[in-house]
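*Asks:* Before anything else, here's the structure in question.
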């Protein structure tokens, strides 16, 4: 099975910071990767699909990149609404990463 | 506006059964694949099952294969998850999620708020 590993597990940042989260696959998944945001007690929200395509309605400060086994989610300027947990997900077996919590520094 | 509303969660004993429902509105239900994704308390997300828009294709995670059955009633715009032989490790919030395609979708573009299933004696 393809394993997805996110780093870091927790990230402390301030409003306005540039934030980067990494997701690594145990084998190549081409560009078949999605990113989700989840706030406590809420449903996840799709941010990025096919590694770098921005979902409709998602602010442009979010971007995704990568292919093969290494991927990144970048928030160009962290906003108060962005403090949440972020998950990557590979398409093949629909496996999620373990999550990265972005907390206030 | 896409809306997904889950129901049917609750407390059930190990070995018991439960059926979850997800009422959909705001889109042409039969044109999209639908899925169930779960989240154990304090844990990450785990995909459970997906069904195509026609209902003709289904897929399951190994952890639930043979115990859970996904189905849909396109005349009622409703998705179901029949859960049998429940185990303590099935305890989770179960989310209904819409796929962005009509077939065996691999991502989830809209989610319901979830329903909690607790398996305990």
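*Asks:* What average count of beta carbons from other chains do you get within 10 Å of the Cβ of residues in A:40-47? Provide the component values of the computation, followed by the final result.
*Replies:* Details: counts 0, 3, 3, 14, 8, 4, 8, 0.
The shielding value for this peptide is 5.
*Asks:* Could I ask something else about it? Evaluate peptide B:92-101: per residue, the Cβ atoms of other protein chains within 10 Å of its Cβ; return the mean as an integer. Mind showing how you got there, number by number?
*Replies:* On the way: counts 0, 2, 0, 2, 1, 3, 1, 0, 3, 0.
Across B:92-101, the average partner-chain Cβ count within 10 Å equals 1.
*Asks:* For region A:26-74, state the average projected area of the convex hull of the C-alpha atoms over all orientations, rounded to one decimal in nm².
*Replies:* Numbers: hull surface 15.1 nm².
Directional mean of the projected Cα hull area for region A:26-74 stands at 3.8 nm².
*Asks:* Along each of the three principal axes of the Cα atoms of the protein assembly as shown, give the extent in whole Å, ordering the values from largest to smallest.
*Replies:* Principal axes ranked by extent give 47, 39, 34 Å for the Cα atoms.
*Asks:* In chain A, what % of DSSP beta bridges are antiparallel (nearest 5)? It would help to have the intermediate numbers written out before the result.
*Replies:* Details: 30 of 34 bridges.
Rounded to the nearest five, the antiparallel share is 90 percent.
*Asks:* Based on a Kirkwood Rh over C-alpha pairs, give the Stokes-Einstein translational diffusion coefficient of region B:1-42 at 37 °C and viscosity 0.692 mPa s in µm²/s.
*Replies:* Numbers: Rh = 12.7 Å.
The calculation lands on 259 µm²/s.
*Asks:* Pick from B:76, B:87, B:98: which is most flexible by mean-square fluctuation in a GNM of chain B where alpha carbon atoms under 10 Å apart are linked?
*Replies:* In this elastic network of chain B, the residue with the biggest mean-square fluctuation among B:76, B:87, B:98 is B:76.
*Asks:* Averaging over all projection directions, find the projected area of the Cα convex hull of region B:25-121 and quote it in nm² with one decimal place.
*Replies:* 6.2 nm²
*Asks:* Could you work out the mean count of beta carbons from other protein chains within 10 Å of each residue's beta carbon in B:26-34? All intermediate terms of the calculation are to be shown ahead of the outcome.
*Replies:* Numbers: counts 0, 0, 0, 0, 0, 0, 0, 0, 0.
Shielding by partners across B:26-34 averages 0.
*Asks:* Let me ask another. Report, to two decimal places, the Cα Rg of region B:1-78 normalised by 2.2 N^0.38 Å (N = number of residues). Mind showing how you got there, number by number?
*Replies:* Working: Rg = 13.3 Å, N = 78, 2.2 N^0.38 = 11.5 Å.
So the Cα radius of gyration is 1.15 times the expected 2.2 N^0.38 Å.
*Asks:* Take chain B, connect every pair of alpha-carbon atoms lying under 10 Å apart with a spring to form a Gaussian network, then pick out the residue of B:79, B:20, B:11 with the largest mean-square fluctuation.
*Replies:* Judging by the Gaussian network model, the answer is B:11.
*Asks:* Going from the alpha-carbon gyration tensor of region A:22-105, what semi-axes, largest first and in whole Å, does one get by taking the root of 5 times each eigenvalue? Numbers along the way, then the final one.
*Replies:* Working: eigenvalues 84, 37, 28 Å².
They are 20, 14, 12 Å, listed largest first.
Readers should treat all values here as calculations from the given coordinates under stated rules, not as data from a laboratory. The model shown is predicted, which means the values in this text are computed figures rather than measured ones. Note: ideal-geometry Cβ built from the backbone for every residue, glycine included; neighbour counts use all protein chains shown.
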